[in-house]
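Readers should treat all values here as calculations from the given coordinates under stated rules, not as data from a laboratory. What you see is a predicted model; the values in this text were computed from it and never measured. We place every Cβ from the backbone using ideal geometry, glycine too, and count neighbours over all the protein chains shown.
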């Protein structure tokens, strides 16, 4: 699984779990699917610990965590 | 006594500090004179629509200047304002509209389609809209004192209810006037101060930022909802807005400490940090205190029903030891008792339930005399009623109170008060659910996360995704369980009840 697939599995499988058949598209807004501050913090820890990518805190903005697409692009920028 | 009206606070501010900025939001601001004028004008429109003492008006706003104008406009009519979070599911909004008997709506947007009972709606009450409504109806601003609200009730704050329906806590004008007077003096607020307004309007925390600021002629700086998930942006907001008094739930502060890079921001204007609504973990306070050494740290305590009733300014001993942060001592004119199950005062140093009496205490729950009579009972000293908090506390040898937990099942998640019964009631509406129980899991930042344990009826199948989809229209996001456990059967105690302690122990 690449980083985007792992992220999608984590977000829709664990963080905001929903029926696999109904998983939103990668450009769907996560804010419409129950993302809140506690879940955002958990997601950042997942990216750091499981995907081994450090995301700078100052870059955490609504635009970057809007969707799977935007998070994946952001992770890509910081891959070592 | 003229100072016993909330609208008088605004009139006094406009007369003493008329040219000073009352509120700043985005690139807009409003002086105290303009805030007074705009709220007087909108009040005439609302009064024409039927807002008056005894009526309840929906107040469904995102953080904005229009929100504060509308709050004072509703207060001016003598009606009670009822905050409704725009992010709540429509079904919860409807339950509140029905419960409070709301017919008039004010808000950042029109009511969601399908809500019933709203006869008149005033969405986006900006200055141009109010001008239009006034000219359509040929209305002019009126002078004279604002009428007092019926039974002195200024607003009704809805919180999670254990029976599955939210319950409305009646907050009096006396409570808000008393608390804002105490707060303005205790924190030495002046017109130079700039107060953050972080908590949603349906939290009692947000009344401090608004009414204490107005009392002092200080500037309110609402924190946009879009920043609240973003600790770095929030810390930058404190620096950019030159905030001098910050008040929030501890989790907002802990998020800023963990991911806000506090050292990147110029926080030199900050002088007081105040927190309330949940337990502040001691390690987090110690780290915060080391990173922002030049400010005072104050813990305010009180369930919605008592507004703030105790306070504790953290001192060097608090930062040095590892024990919990005290909830402190009573604010002025407030009486406290620590009692056992029979209502008898416990021995010194023993723990018991905290009962509270004084000017900030609620008159009861909207339309629920049965619940009111169970929780608001005659005060032990015979002087009026007291509120039974359900919080277990202990008095330390030096006299400060220590919070030790709940005597019932209420959970705090990020400062939100959550009755497991409300989530369980939603789950039991699912046709395939046999048993449902909701328990807290300890979380270092947010106090608790929520775990739902569910079993299916014989021959039926349920899964996490289906239950979440079912609950989403029924419970707000902040109540949505974080962890789901589908079980064949929930463990039971000897007496045949679901064994909540066993469920809480499982990870």
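Computed values, structure above
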read-out: Helix A:37-49 vs. chain A, principal-axis angle (Cα, 0 to 90°, nearest 10); value: 60
read-out: Averaged over A:10-20, number of beta-carbon atoms from partner chains that fall within 10 Å; value: 3
read-out: Value of relative contact order over chain A, rounded to a whole percent, pairs C-alpha under 8 Å and six or more apart; value: 37
read-out: Shielding score for A:54-60, defined as the mean number of other chain Cβ atoms within 10 Å; value: 5
read-out: Residue mean of other protein chain beta carbons inside 10 Å, A:34-45; value: 6
read-out: Highest average packing first - A:34-44, B:74-84, B:315-325, Cβ atoms within 10 Å; value: B:74-84, A:34-44, B:315-325
read-out: Relative contact order for chain B, counting Cα pairs under 8 Å that sit 6 or more residues apart, in percent; value: 11
read-out: Sequence-separation-based contact order of the range B:141-266, relative, with Cα cut under 8 Å and 6+ spacing, percent; value: 21
read-out: Linear extension gain, residue B:369 paired with residue B:91, 0.36 nm per residue minus alpha-carbon span; value: 97.7 nm
read-out: Label-to-label distance, nm, for residues given as residue B:333 and residue B:472 (7 Å Cα→Cβ offset); value: 4.8
read-out: Cα centroid of the range B:280-352 to Cα centroid of the range B:355-420, whole Å; value: 15
read-out: Net length gained if the chain between residue B:98 and residue B:27 were fully extended (0.36 nm per residue, minus Cα distance); value: 21.8 nm
read-out: Nearest 10 degrees, 0 to 90: helix A:68-77 Cα axis against chain A principal axis; value: 20
read-out: By average C-beta atoms within 10 angstrom, highest first, the peptides A:70-76, B:240-246; value: B:240-246, A:70-76
